[in-house]
Amino acid sequence: MKQMVIASFALSIVLIGFTNCRYIPQDPSQHFHPVRAAPKLSNENIPALRETQQTRAAERPWLEHAGVIEFKYRWEYQDGVAIGVSLYVAETKEIASNWLLERRASASLPMDFYFPRDDPAVVGDISFGGGQQFIRDNIVIVFRSDTTITEMAQQIDSLILDAPVRLSARQMTPLISTFTITENPVQFRSTTRLIIDVENPVNGELFYDWRFTPGSENWGGIERDESGNFYYCADTYEPVEYLTVYVINDAGFYSSKTLAIHIQF
């Protein structure tokens, strides 16, 4: 009887060990990658740029293709030498990596010659050309400069590492709870107020970008009053206008919603 108890106990240990082994990650590439917000860049928080004048400070983000958000920066030295930086935010590290590799592959210049991959990386997770281009988690940095920028790149990387971080992009993405128009259908060449309600999970400013029915022309567009209300100006000969709003926050994340507006002639 005692032997049977010992055998059963030993078998339990083996089974428990086998069960636990199933949850031990075998592939380091499957490790968790955090999602980071876009930091603000200035010659005040980048010591290597303190002798420059900032001539562009990412006044607003721009929606690139493939769902990547771009923030544009520019600095100038007294002798006229300029340094441009584009900071791109993707929803995941995989999207960021694929986007930069595709951009390099489709560039008019041979990127592998002018900006070869640094081995090891001088900054970020992956870098090219001494830091002229680099990836840190879900953020891509691209310099436009003829000067050595490795020190600047490392300082920008430190700002990225200090920026807010979440488990997923959804935790920093604005949510459009309402997108409608006060009248539908609307009269041709009329101006009608739009209703937009957005919940922003991060503190900061919201930016709005608009797309009309692909291939159509709208000579009216969108207007905004002093109170921040948006208006749709119906100046299209299409019977239905598919209006899409993109709401982008200054962390670099966005959501979109489409509204079908019927036009009466």
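Here r is the Cβ-Cβ distance between Asp125 and Phe265 and R0 is 41 Å; the resulting FRET efficiency, rounded to 0.05, is 0.15.
Long hydrophobic helices in the chain, taken as whole DSSP H segments with a C-alpha length of 27 Å or more on their own axis and mean Kyte-Doolittle hydropathy at least 1.0: 2-21. The modelled label-to-label distance for the pair Tyr242/Phe113, using points 7 Å beyond Cα in the direction of Cβ, is 4.3 nm. Between the beta carbons of Tyr208 and Arg50, assuming R0 = 35 Å, the FRET efficiency works out to 0.55 to the nearest 0.05.
Using R₀ = 22 Å, calculate the FRET efficiency as 1/(1 + (r/R₀)^6) where r is the Cβ-Cβ separation of Leu101 and His65; round to 0.05. With a Förster radius of 22 Å, E is 0.90. Across q = 0.15, 0.19, 0.23 Å⁻¹, the stretch 137-265 modelled as identical point scatterers on its alpha-carbon atoms has Debye log10 I(q)/I(0) values of -0.79, -1.02, -1.31, in the order of the q list.
Choose one of Gln78, Val245, Ser97: the residue whose Cα lies farthest towards the positive end of the charge dipole of the chain (beta-carbon charges +1 Lys, Arg; -1 Asp, Glu; about the Cα centre). Value computed over the given set: Ser97.
Mark the label point 7 Å from the Cα of Trp219 along Cα→Cβ and return the residues of the stretch 165-191 whose backbone N is within less than 11 Å of it. Inside the label zone: 189. Taken as Cα centroids, the stretch 52-90 and the stretch 232-265 sit 27 Å apart, rounded to the nearest whole angstrom.
Each part gets one Cα centre, and for the stretch 100-145 versus the stretch 163-224 those centres are 33 Å apart.
Taking the chain, how much of its Cα-Cα pair set, in percent, is spaced more than 23 angstrom apart? Don't jump to the answer; show the numbers that get you there.
On the way: 22239 of 34980 pairs.
I get 64 percent for the Cα pairs in the chain exceeding 23 Å.
Of the residues Pro61, Ser106, Phe134, the one whose Cα sits farthest towards the positive end of the charge dipole of the chain is Phe134 (charges of +1 on Lys and Arg Cβ, -1 on Asp and Glu Cβ, taken about the Cα centre). Helical runs assigned H by DSSP (4 residues or longer) give the chain a calculated mean residue ellipticity at 222 nm of -6000 deg cm²/dmol, each run adding -39500 (n - 2.57) before division by the residue total.
Sorting the segments 231-241, 104-114 by their residues' average number of neighbouring beta-carbon atoms within 10 angstrom, most packed first, yields 231-241, 104-114. When the square roots of the Cα gyration tensor eigenvalues are ordered a ≥ b ≥ c, the ratio a/c for the stretch 144-187 is 1.5 or more and a/b does not exceed b/c, which makes its shape oblate. For the chain, the solvent-accessible area works out to 58 Å² per residue, with a probe of 1.4 Å and every protein chain left in place.
If you stretched the chain out fully between Arg189 and Val165, how much longer would it get, using 0.36 nm times the residue separation minus the C-alpha to C-alpha distance? Show your work: numbers first, answer last.
Numbers: separation 24, 0.36 × 24 = 8.64 nm, distance 4.56 nm.
The span from Arg189 to Val165 would gain 4.1 nm if fully extended.
Ligands, DNA and RNA aside, Lys72 has an accessible area near 60 Å² when probed at 1.4 Å. Nonpolar atom fraction for the chain, defined as the carbon and sulfur part of the 1.4 Å probe accessible area, stands at 52 percent. Rounded, prolate or oblate: which fits the stretch 46-168 when a ≥ b ≥ c are the square roots of the eigenvalues of the alpha-carbon gyration tensor, with rounded for a/c under 1.5 and prolate only if a/b beats b/c? Verdict is rounded for the stretch 46-168.
The values are calculated or read from the model by the stated rules, or taken from the named source; none is laboratory data. In this text, all values refer to a predicted model and were calculated from it rather than measured experimentally. Every residue, glycine as well, gets a Cβ built from its backbone with ideal geometry; the counts of neighbours run over all protein chains shown. Surface areas here come from the heavy atoms of the whole protein model, side chains and all, with no ligands, DNA or RNA. Shrake-Rupley method; radii C 1.70, N 1.55, O 1.52, S 1.80 Å.
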